[in-house]
Protein chains: 2
Amino acid sequence: MSTATDTRHMARALQLAAHGLTTTSPNPRVGCVLVRDDRVVGKGWHERAGAGHAEVQALAAAGPAARGATAYVTLEPCSHHGRTPPCAEALIAAGVARVVAAMQDPNPRVAGRGLERLRTAGIAVDCGVLEAEARALNPGFISRMERGRPWLRVKLAMSLDGRTALASGESQWITAAPARADVQRWRARACAVLTGVGTVLADDPALDVRLPGTWRQPLRVVVDTQLRTPPQARLFTRPGRVLIVTASERDPAALRAAGAEVVRLPAAAAGIDLVALCAELARRECNEVHVECGARLAGGLLGAGLLDEVLLYVAPLLLGDGAHGLFHLPGLLRMDQRIALEALDQRMVGRDWRLLLRPRRAAAAAGMGYGATIAGAAAP
Amino acid sequence: MSTATDTRHMARALQLAAHGLTTTSPNPRVGCVLVRDDRVVGKGWHERAGAGHAEVQALAAAGPAARGATAYVTLEPCSHHGRTPPCAEALIAAGVARVVAAMQDPNPRVAGRGLERLRTAGIAVDCGVLEAEARALNPGFISRMERGRPWLRVKLAMSLDGRTALASGESQWITAAPARADVQRWRARACAVLTGVGTVLADDPALDVRLPGTWRQPLRVVVDTQLRTPPQARLFTRPGRVLIVTASERDPAALRAAGAEVVRLPAAAAGIDLVALCAELARRECNEVHVECGARLAGGLLGAGLLDEVLLYVAPLLLGDGAHGLFHLPGLLRMDQRIALEALDQRMVGRDWRLLLRPRRAAAAAGMGYGATIAGAAAP
């Protein structure tokens, strides 16, 4: 049975978990607080793959004080040997009296076995405290475990009249500096940054994270059906890996020489099979994927029901109706086919508006409750 | 010399003036408070053309208590015989000791003569208390007097991806009921509602005000270069006048029989000469003109620098890039030609966002300071 005290300590564990927002990839963000006699005796969070899990950090901080304590952990402690030994065993060995978890681990290798192991060892176990908030902290990890695909968030910057670029392709810059800096933080939390070759050819973006102190670069992925990415692209001039996904049979030697990994995926009517693309990214342990692309790829992902979130920056400018739109949706012909979105967050970033939205269809298809996901609407 | 007390009483007079928001056309909205020994002894506001001015209403309410009082009035008292006798004379006759005006009357028939008449009669006069707020209450009247043209506010309803209608023309409804009800209040405050024949043919709108208690209908104006408005249009089924503005030489007998007034104006490259249209509306004493139209007329007005405000409703929907845009701006080809807007107000109306913006160019051209106009950003 959980109490207000449990909620309070779990909220602290969630705050700790968020320290790992940009660094835990491909692992989930996890925080842990050890409490004895309502006093925090140890806390920890997972920082990066291969480093200690949150529970292990908290136990190390608590030392002997962990004996008889309650452990608040934002995700079920693991029961399997991964890069590190199982945390369930570490909690048992430390003599913890009770474990409160926010949610069960959706990883099929854990999936309740961690909690079961604790119970078998005579430890009191509760699960589900601030579960919605804990799920909102790891939409990508949960999506990959539960749906076998990453959580796709498309970032778009548009004028007030819904245009992302002029007819000439010119698009720099629609939003002002504060909005562009904000985008860096969203890139930083993603496991991968995805774009289309059209954007590479038009804008030649680097797509890397340029925040101070960055040591982990997301994988940069280019959807390039015909293998048109130039080996001179700025993508290859910045640190971090580049993956080119293609349906072409052409020899990718020049791109490989430039530093790209090139993989072939099945073709579909409008280019790459996007479902296969998402499966490939999940196979590569991508949780959240940050998408920056043009109307064609954005429309393709939206139309395929693969888009989970829309991060939209709106600049107080007009570009006119000759300019490029947000989403290419050739099948949308009647008003009853319009795609409804749910707004999760809206704010000013400098002189621009920032909206975070979810396509209702995608959310429904994903079986993700709105209440759950809005509650912790994670902003970077 | 004005004081905090003056500001407080003038603020009350401005509140009173706003009671006439939808009814004073073609007159300005004006309020008046009579104060003696810091006690309000009379108040009034102008309700409709032909009815008593605010000062006369306040004097009638005060009776003998007006003697020795200070009159706070949001616009310089008139000095000329219009539909009613001059208010300056009424204030003098009532024995008022001091008059505080928010602003001088921009009407060239007054233009300081009212204040001068008061001073000549030995009354203490101050002018300029809450002037910015007073100007914001009557953007249309001031525009007509100072620029010889009405204040044009275009209302647009768009999807999140900047579309006002599907390629088929289907547009009902993008916004939800609360936003559509809000539009009624903006129509109600206008002297005229302006549209293009394309909108009449596509949507067959009635464009009337359907708020409870409405007794004044704005003039409805259709820009119809080729005289294509059908005499069966819903426009003609509702109370209120309809004006068709055309460049066609065709016989408008059928439209006149349907109840329309038809006037010819000079043609320009893209249709009617829009500067001539604005002059014609000013000649007809239109202060604020509420525009509901498609991308072509909206783009024409914006391109001609005639658009003063954009009232934009944004629905959380996607319609795709095959749909119609907001502004047809064929000359906008380079990023440095983009049109910047200033946001005056933003809020939720039901599930939709409402933004009130001003094109920076138009505002600059009109010589209207932003500080002044933002301060009292009049919402209905």
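Structure notes:
- Among the residues of region A:94-113, those identified as over 24 Å from the mean Cα position of the chain (by Cα) and modelled with pLDDT of 95 or more are A:A94, A:G95, A:V96, A:A97, A:R98, A:V99, A:V100.
- Any hit, region B:357-371, residues being at pLDDT below 90 and either assigned to a strand (DSSP E or B) or within 10 Å of chain A (Cβ to nearest Cβ) (or both): yes
- Residues being of a type in the set (D, E), in a strand (DSSP E or B) and either modelled with pLDDT under 95 or within 20 Å of B:A298 (Cβ to Cβ) (or both) - total across region B:224-281: 0
- Residue match in region B:125-145 (condition: modelled with pLDDT of 95 or more and closer than 30 Å to A:I339 by Cβ): no
- Test: residue in region B:22-29 that is out of contact with any helix residue (DSSP H, G or I) (no Cβ under 8 Å at 6 or more places or on another chain), of a type outside the set (A, V, I, L, M, F, W, C) and in a helix (DSSP H, G or I): no
- Taking every residue in region B:329-357 that is touching a residue at least 60 places away in the same chain (Cβ under 8 Å) and pairing it with any residue that is surrounded by 16 or more Cβ atoms within 10 Å (Cβ to Cβ) and among the polar types (S, T, N, Q), at least 6 positions away or on another chain, the pairs with Cβ-Cβ distances below 6 Å are B:D352/B:T175.
- Counted residues, region A:171-229 - those being of a type in the set (S, T, Y) and more than 20 Å from A:L312 (Cα to Cα): 3
- Qualifying residues in region B:307-318 (those that are in a loop (DSSP other than H, G, I, E, B) and under 16 Å from the mean Cα position of the chain (by Cα)) - the one nearest to B:T24 (Cα to Cα): B:D308
- Residues of region A:332-353 satisfying the condition of being more than 19 Å from B:Y313 (Cβ to Cβ) and facing chain B (nearest Cβ under 8 Å): A:L332, A:L333, A:R334
- Criterion: β-branched (V, I, T) and in a helix (DSSP H, G or I) - qualifying residue of B:V33, B:V41, B:V96, B:V56: B:V56
- Odd one out for B:A343 among (1) part of a strand (DSSP E or B); (2) within 22 Å of B:L235 (Cα to Cα): (2)
Let's see how each residue does on (1) of a type in the set (V, I, T); (2) more than 9 Å from chain A (Cβ to nearest Cβ):
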{"residue": "B:L297", "(1), (2)": "no, yes"}
{"residue": "B:L301", "(1), (2)": "no, yes"}
{"residue": "B:A304", "(1), (2)": "no, yes"}
{"residue": "B:V310", "(1), (2)": "yes, no"}
{"residue": "B:P316", "(1), (2)": "no, no"}
{"residue": "B:A323", "(1), (2)": "no, no"}
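- Looking across region B:114-124, just one residue is under 27 Å from the mean Cα position of the chain (by Cα) and buried (at least 24 other Cβ atoms within 10 Å of the Cβ), and that is B:G114.
- The listed residue being surrounded by fewer than 22 Cβ atoms within 10 Å (Cβ to Cβ), at negative phi, out of contact with any helix residue (DSSP H, G or I) (no Cβ under 6 Å at 6 or more places or on another chain) and outside the structural domain of B:R187 (by the TED database), out of B:A58, B:A54, B:A18, B:A62: B:A18
- Which listed residue, of A:L301, A:L312, A:L307, is in the same structural domain as A:A268 (by the TED database), under 18 Å from A:I174 (Cβ atoms) and touching a Leu at 6+ places or on another chain (Cβ under 6 Å): A:L312
- Selection of region B:170-207 for residues being without any contact (Cβ under 8 Å) to a residue 40 or more places away in the chain and at positive phi yields only B:D204.
- A:S171 being within 14 Å of another protein chain (Cβ to nearest Cβ), among the polar types (S, T, N, Q) and either buried (at least 23 other Cβ atoms within 10 Å of the Cβ) or not in a helix (DSSP H, G or I) (or both): yes
Per-residue answers, yes or no, for (1) surrounded by 24 or more Cβ atoms within 10 Å (Cβ to Cβ); (2) within 14 Å of chain B (Cβ to nearest Cβ); (3) without any contact (Cβ under 8 Å) to a residue 24 or more places away in the chain; (4) on the phi < 0 side of the Ramachandran plot:
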position	(1), (2), (3), (4)
A:M103	no, no, no, yes
A:P108	no, no, no, yes
A:D126	no, no, no, yes
A:N138	yes, no, no, yes
A:P150	yes, no, no, yes
A:D161	yes, yes, no, yes
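Results for (1) charged (D, E, K, R); (2) under 17 Å from B:A157 (Cβ atoms); (3) assigned to a loop (DSSP other than H, G, I, E, B), shown as yes or no for each residue.
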| site | (1), (2), (3) |
| --- | --- |
| B:C286 | no, no, yes |
| B:C293 | no, yes, yes |
| B:G299 | no, yes, no |
| B:L302 | no, yes, no |
| B:G305 | no, no, yes |
| B:G320 | no, yes, yes |
| B:H328 | no, yes, yes |
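- Comparison of A:G294, A:G325, A:G300 shows that the only residue that is more than 19 Å from the chain's Cα centre (by Cα), within 22 Å of A:G148 (Cβ to Cβ) and of a type outside the set (S, T, N, Q) is A:G300.
- Among the candidates A:T164, A:T175, residue that is assigned by the TED database to the domain that holds A:L243 and either under 30 Å from A:Q226 (Cα atoms) or aliphatic (A, V, I, L, M) (or both): A:T164
- Conditions (1) within 28 Å of the chain's Cα centre (by Cα); (2) over 21 Å from B:G140 (Cα atoms); (3) not acidic (D, E); number of the one not met by B:A54: (2)
The values are calculated or read from the model by the stated rules, or taken from the named source; none is laboratory data. In this text the structure is predicted, and so the values were computed from the model without any measurement. Positions of Cβ are generated from backbone atoms using ideal geometry, with glycine treated the same way; all protein chains shown enter the neighbour counts.
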